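The values are calculated or read from the model by the stated rules, or taken from the named source; none is laboratory data. Values in this document were obtained by computation on a predicted structure and should not be read as measured data. Backbone-built Cβ (ideal geometry, glycine too); neighbour counts: all protein chains shown.
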Amino acid sequence: MRRTVLALVALLLAAPAVAATQQEVEESLTCQCGCGLTVHACNHLDCPSGEPMKKEIAERLARGEDKETILTAFRTRYGEKVLSSPTFRGFNWLAWVTPFAAILAGALGVTLVIRRWVRAPAPRPAAPPPVAGELRQRLARELEDMDREP
Amino acid sequence: MPEVGRLAVCLALLFAAYGVLAGVAGGLRRRAHLVRSAEHAAYAVFGLVVIATAILLRALLRHDFTLEYVAAYSSSTLPTQYTVAALWGGQKGSLLFWSFLLTLFTTIVQVQNRERNRALMPFVTATLMTVAVFFLSLLVFVTDPFERLPVAAREGADLNPLLQNYWMMIHPPSLYTGYVSASVPFAFAIAALATGQLGDQWTRSVRRWALFSWAFLSLGNLLGARWAYEVLGWGGYWAWDPVENAAFMPWLVSTAYLHSVMIQEKRDMLRVWNVVLVLLTFALTIFGTFLTRSGVISSVHSFTQSGLGPFFIGFLVFVLLVAGGLLAYRLPDLRTRATMESFLSREAAFLFNNLVLVGIAFAVFWGTVFPVLSEWVRGVKITVGPPFFNRVNAPLGLVLLFLAGVGPAIAWRRASPRNLRRAFAGPVAAGVVAAAALALARVPLGYAFATFALGVFVLGTIGQEFWRGMRARQAMLHESAPRALGRLVGKNRRRYGGYLIHVGVVSIFVAIAGSNAFRIEAQETLKPGDEMAAGKFRLRYERVTSEENAHLSRLAAEVSVWRDGKQIATLAPEKRFYKKPQQPTTEVAMRSTLSEDLYLVLGSYDPPSGLVTLQAFVNPLVSWLWIGGVIMAGGTLVTMWPSAAERRAVAYELGRAQVPAE
């Protein structure tokens, strides 16, 4: 289980390096028109922010710039908020790592707890209270009879 | 008339406050007449809120533009169904609507429990009335829906055009129903903590409410996705918007609860954990409302921004303090002597399922609040957008899907090697065959590949359960196959209803994976008669048509759709212009089949030249999202349908609770 999670995390973080496409760059940037969508997803009619950005990305790609250069250019102009997901550096690193760290810590906790429970001796069923016990056993017995499949 | 509405809300607040005090006092001192009095007060609150809601609805329908709310969210030309929807279209109305649902559910709970759960009920009533006091206070002191304009408006500003849509009629009520009904399990959890009656009684009593709330949260989320898909016109259905996240988080935690409560019922373990999950679900519904209403985090849902944020945060802190305090106080009594026999058991699978569900909820929470955190810590605004959530949640989702295949088939307590072989040989083989077939079909290795193969594995375990159960009945009872299947499900509604829900979940996973991995997009500017390609389709732009009425004007581009040289459809994506708010919208046109949606958006139109910009998406498998939703709803109905066996179990627990403790 833990190994599966680790393997998946590794898979996830080792994002394959492929040639930057228009769509990829557009998806890495947030439209500044206030729609909250990525530049790629924003489809506002003649969006004052998204359309020029799309055009500029296309021009830069045509000039042979790589994804990083283009993103840096936009970042210098608009600030970090133009990137559609946090960078991996500095404080932002926490954004990426914390969810997985929390889940791994949780997995460790669950594993330890289960291990402790597995080792604990199986308790005998608590002695039923003397007066109620009789009634309760009868009730349980009758309920069981009723639940039995016909 | 609006003054009567205002008066009703004020009186409702007084009665609700009385209900809290009388409920707590009656519960602590065990005064039956006080408890009844608190319940009667709650009925009165319901009656008063119904009056207030009816008056606001009447004002909307009569276009009474002397009211600020009516003037802001409707107009005289707004179609009637959307005028009704304007009741929850704005903040004030939606808070009133929320109060209406809350007091309605309080009334139902009280009627259900007239003779049952008498020890818990005073605190249940008091808790629900505390929530009501909060919402009613907002209506009385902060944001009055019956506020009059200094001068009556001659015409209303109209409902936001984005909300003038069929799905918007049912998405918010459904989501609110899910949100608000989460208060009922919460109230019972608080009552259990307050009274110390921490056994199975409260969990069994709220089982149906928890399911009800979960089902409406599921439905609300899917309807919201459907609305976004049809109305926002960017080709997708989920954007990890803060408000979408707000509705998704309680759903995740509630899902975790529905699974872990089964362990409590079977093995008397995890009592503390289950209480925590119920408290957390409720807290997340309040947090969600806070996100929607505060505008702290920018969102496409910020139809209504306001200064209500601090009130919600205050209430949230209050809830967490009271609930946390009670929990800490009762912690010693909640501990049970848990034991487990093996990692290879259904208990363990469920524990990991809970871990992943709560983990995803945390990841979503973390991503949603991280921009705020970044601004506090670094003073830098950043964006945590869809790419973040997709990358973080996709692997977690796969683990969850895998566990959905393990959970139903693995044995309780300890799975022997024999049990494992018997349970998983078939499904694993099916998954492997599916993977081979996918590889042969040249589906690239990736999330979609993994999702499809795991999906087949999960369906394999579920199908096997149905098949074996049916065969057993056929062999033992000599029933015909359909009858055996029917009775199998009918006699074990929770179990087989749950399996059906899992089938729906697989369908949704497949839709999400397929539509994300294999979508095709194309955009071209065309003049009449021009063609463009979108995947296997050819699109020919024929002409534009236009139409106008008092409410809106519309412009549609007629596009014929061709495939393999044959015309298969004509689609007409539209641009609309709503006259009162002076706002344009896009209306997508779609051709949906089980294998894919062809989704057309009219980008722009230039009248002199007749040029249109057409955006086309081919979204594979999206239909399975909605089909999955329908299957889930069906499964939930099966699960919730009352059964004699369960009534006996509840009666048994009630009997147990009434036996004096030693």
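The single condition among (1) in contact with a Ser or Thr (Cβ under 9 Å, 6 or more places away or on another chain); (2) more than 14 Å from chain A (Cβ to nearest Cβ); (3) within 28 Å of B:Leu600 (Cα to Cα) that B:Gly498 does not satisfy is (3). The residues in segment B:131-183 that are in contact (Cβ under 8 Å) with a residue 60 or more places away in the chain, among the aromatic types (Phe, Trp, Tyr) and closer than 30 Å to B:Val276 by Cβ can be counted, and the count is 3.
Can you find, within segment B:381-420, the residue that is farthest from B:Gly431 (Cα to Cα) among those that are part of a loop (DSSP other than H, G, I, E, B) and among the aliphatic types (A, V, I, L, M)?
Filtering segment B:381-420 down to residues part of a loop (DSSP other than H, G, I, E, B) leaves B:381-385, B:407-416.
Pick out the ones that are also among the aliphatic types (A, V, I, L, M) and you get B:382, B:384, B:409-411, B:415.
Working: B:Ile382: 41, B:Val384: 35, B:Ala409: 15, B:Ile410: 17, B:Ala411: 20, B:Ala415: 21 Å.
For segment B:381-420, the residue satisfying everything is B:Ile382.
So, of the residues in segment B:472-490 that are among the charged types (D, E, K, R) and free of Cβ contacts under 8 Å to residues at least 12 places away in the same chain, which turns out to be surrounded by the most Cβ atoms within 10 Å (Cβ to Cβ)?
Of the residues in segment B:472-490, the ones among the charged types (D, E, K, R) are B:473, B:479, B:483, B:487.
Going one step further and asking which of them are free of Cβ contacts under 8 Å to residues at least 12 places away in the same chain, we end up with B:479, B:483.
On the way: B:Glu479: 16, B:Arg483: 14.
Top of the filtered list is B:Glu479.
Residues that are within 18 Å of B:Ala556 (Cβ to Cβ) and more than 30 Å from the chain's Cα centre (by Cα) within segment B:579-608 comprise B:Lys579, B:Leu602, B:Gly603, B:Ser604, B:Tyr605, B:Asp606, B:Pro607, listed in sequence order. Among the candidates B:Gly379, B:Gly407, B:Gly397, B:Gly367, the residue that is more than 9 Å from chain A (Cβ to nearest Cβ) and at pLDDT 90 or above is uniquely B:Gly397. Residues in segment B:452-465 include none that are surrounded by fewer than 21 Cβ atoms within 10 Å (Cβ to Cβ), modelled with pLDDT under 90 and part of a helix (DSSP H, G or I).
Look at segment B:204-219 and say how many of its residues are aliphatic (A, V, I, L, M) and farther than 13 Å from B:Gly634 by Cα.
Step one: list which residues in segment B:204-219 are aliphatic (A, V, I, L, M), which gives B:206, B:210-211, B:215, B:217, B:219.
Adding the requirement that they be farther than 13 Å from B:Gly634 by Cα leaves B:206, B:210, B:217.
Total satisfying the criteria: 3.
Collect the residues in segment B:264-283 that are among the β-branched types (Val, Ile, Thr) and surrounded by fewer than 24 Cβ atoms within 10 Å (Cβ to Cβ), keeping them in residue-number order. Steps first, please.
Quick first cut of segment B:264-283, residues among the β-branched types (Val, Ile, Thr) only: B:272, B:275-276, B:278, B:281.
Of everything in segment B:264-283, those that are among the β-branched types (Val, Ile, Thr) and surrounded by fewer than 24 Cβ atoms within 10 Å (Cβ to Cβ) turn out to be B:Val272, B:Val276.
Test A:Lys54 against the stated conditions and say whether it is more than 11 Å from every other protein chain (Cβ to nearest Cβ) and of a type outside the set (Asp, Glu). Criteria not met by A:Lys54. Quickly run through segment B:506-537 and pick out the residues that are over 21 Å from B:Val622 (Cβ atoms) and of a type in the set (D, E, K, R). Scanning segment B:506-537 gives B:Glu524, B:Lys527, B:Asp530, B:Glu531.
Within segment A:72-91, which residues are surrounded by 15 or more Cβ atoms within 10 Å (Cβ to Cβ) and either β-branched (Val, Ile, Thr) or within 7 Å of chain B (Cβ to nearest Cβ) (or both)? Within segment A:72-91, A:Glu80, A:Lys81, A:Val82, A:Leu83, A:Ser84, A:Ser85, A:Pro86, A:Thr87, A:Phe91 meet the criteria.
Of the residues making up segment A:94-111, those that are facing another protein chain (nearest Cβ under 8 Å), small (Gly, Ala, Ser) and more than 17 Å from B:Gly367 (Cα to Cα) are A:Gly106, A:Ala107. Residues of segment B:382-394 that are more than 7 Å from chain A (Cβ to nearest Cβ) and among the aromatic types (Phe, Trp, Tyr): B:Phe389 alone.
One line per residue, one yes/no per condition, for (1) within 24 Å of the chain's Cα centre (by Cα); (2) surrounded by fewer than 23 Cβ atoms within 10 Å (Cβ to Cβ); (3) of a type in the set (D, E, K, R); (4) part of a helix (DSSP H, G or I):
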position: B:Pro122; (1), (2), (3), (4): no, no, no, yes
position: B:Met129; (1), (2), (3), (4): yes, no, no, yes
position: B:Ser137; (1), (2), (3), (4): no, yes, no, yes
position: B:Arg154; (1), (2), (3), (4): no, yes, yes, no
position: B:Ala157; (1), (2), (3), (4): no, yes, no, no
position: B:Ile170; (1), (2), (3), (4): yes, yes, no, yes
position: B:Val180; (1), (2), (3), (4): yes, no, no, yes
position: B:Phe186; (1), (2), (3), (4): yes, no, no, yes
position: B:Leu193; (1), (2), (3), (4): no, no, no, yes
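Just the residues that are surrounded by 12 or more Cβ atoms within 10 Å (Cβ to Cβ) and without any contact (Cβ under 8 Å) to a residue 24 or more places away in the chain, please, taken from segment A:110-121. Show your work before the answer.
Pass one, segment A:110-121, residues surrounded by 12 or more Cβ atoms within 10 Å (Cβ to Cβ): A:110-111, A:113-118, A:120.
Once the filter is applied, which keeps residues that are surrounded by 12 or more Cβ atoms within 10 Å (Cβ to Cβ) and without any contact (Cβ under 8 Å) to a residue 24 or more places away in the chain, segment A:110-121 yields A:Val110, A:Val113, A:Ile114, A:Arg115, A:Arg116, A:Trp117, A:Val118, A:Ala120.
Screening B:Pro608 with (1) out of contact with any helix residue (DSSP H, G or I) (no Cβ under 8 Å at 6 or more places or on another chain); (2) at pLDDT 90 or above gives one miss only, at (2).
Part of a strand (DSSP E or B), in contact (Cβ under 8 Å) with a residue 60 or more places away in the chain and either crowded, with 21+ Cβ neighbours inside 10 Å or not polar (S, T, N, Q) (or both) - does that describe any residue in segment B:540-551? It would help to see each step written out before you state the result.
Kept after step one, since they are part of a strand (DSSP E or B), are these residues of segment B:540-551: B:540-548.
Restricting the remaining residues to those that are in contact (Cβ under 8 Å) with a residue 60 or more places away in the chain gives B:541, B:544.
Checking which are either crowded, with 21+ Cβ neighbours inside 10 Å or not polar (S, T, N, Q) (or both) leaves us with B:541, B:544.
There is at least one residue in segment B:540-551 that is part of a strand (DSSP E or B), in contact (Cβ under 8 Å) with a residue 60 or more places away in the chain and either crowded, with 21+ Cβ neighbours inside 10 Å or not polar (S, T, N, Q) (or both).
Please determine whether any residue of segment B:76-95 is at pLDDT 95 or above and not basic (Lys, Arg). Scanning segment B:76-95, I find no residue that is at pLDDT 95 or above and not basic (Lys, Arg), so the answer is no.
Is there a residue being within 14 Å of another protein chain (Cβ to nearest Cβ) and part of a strand (DSSP E or B) anywhere in segment B:620-637?
Here is the first cut: in segment B:620-637, the residues within 14 Å of another protein chain (Cβ to nearest Cβ) are none.
Scanning segment B:620-637, I find no residue that is within 14 Å of another protein chain (Cβ to nearest Cβ) and part of a strand (DSSP E or B), so the answer is no.
Among the residues making up segment B:411-460, those that are hydroxyl-bearing (Ser, Thr, Tyr) and under 33 Å from the mean Cα position of the chain (by Cα) are B:Tyr447, B:Thr451.
Taking segment B:410-431 on its own, how many of its residues are out of contact with any Phe, Trp or Tyr (no Cβ under 7 Å at 6 or more places or on another chain) and closer than 18 Å to B:Val510 by Cβ?
So the first thing to find is which residues in segment B:410-431 are out of contact with any Phe, Trp or Tyr (no Cβ under 7 Å at 6 or more places or on another chain), and the list is B:410-426, B:429.
Checking which are closer than 18 Å to B:Val510 by Cβ leaves us with none.
Qualifying residue count for the region: 0.
Give the residue that is nearest to the other protein chains (Cβ to nearest Cβ), with candidates limited to residues of segment B:327-364 that are over 28 Å from B:Leu420 (Cβ atoms) and at pLDDT 95 or above. Here the answer is B:Ala363.
The set of residues in segment A:35-56 that are under 24 Å from B:Trp240 (Cα atoms), of a type outside the set (Gly, Ala, Ser) and assigned to a helix (DSSP H, G or I) comprises A:Glu51, A:Met53, A:Lys54. Within segment B:583-596, restricting attention to residues that are out of contact with any helix residue (DSSP H, G or I) (no Cβ under 7 Å at 6 or more places or on another chain) and in a strand (DSSP E or B), the residue that is surrounded by the most Cβ atoms within 10 Å (Cβ to Cβ) is B:Glu596.
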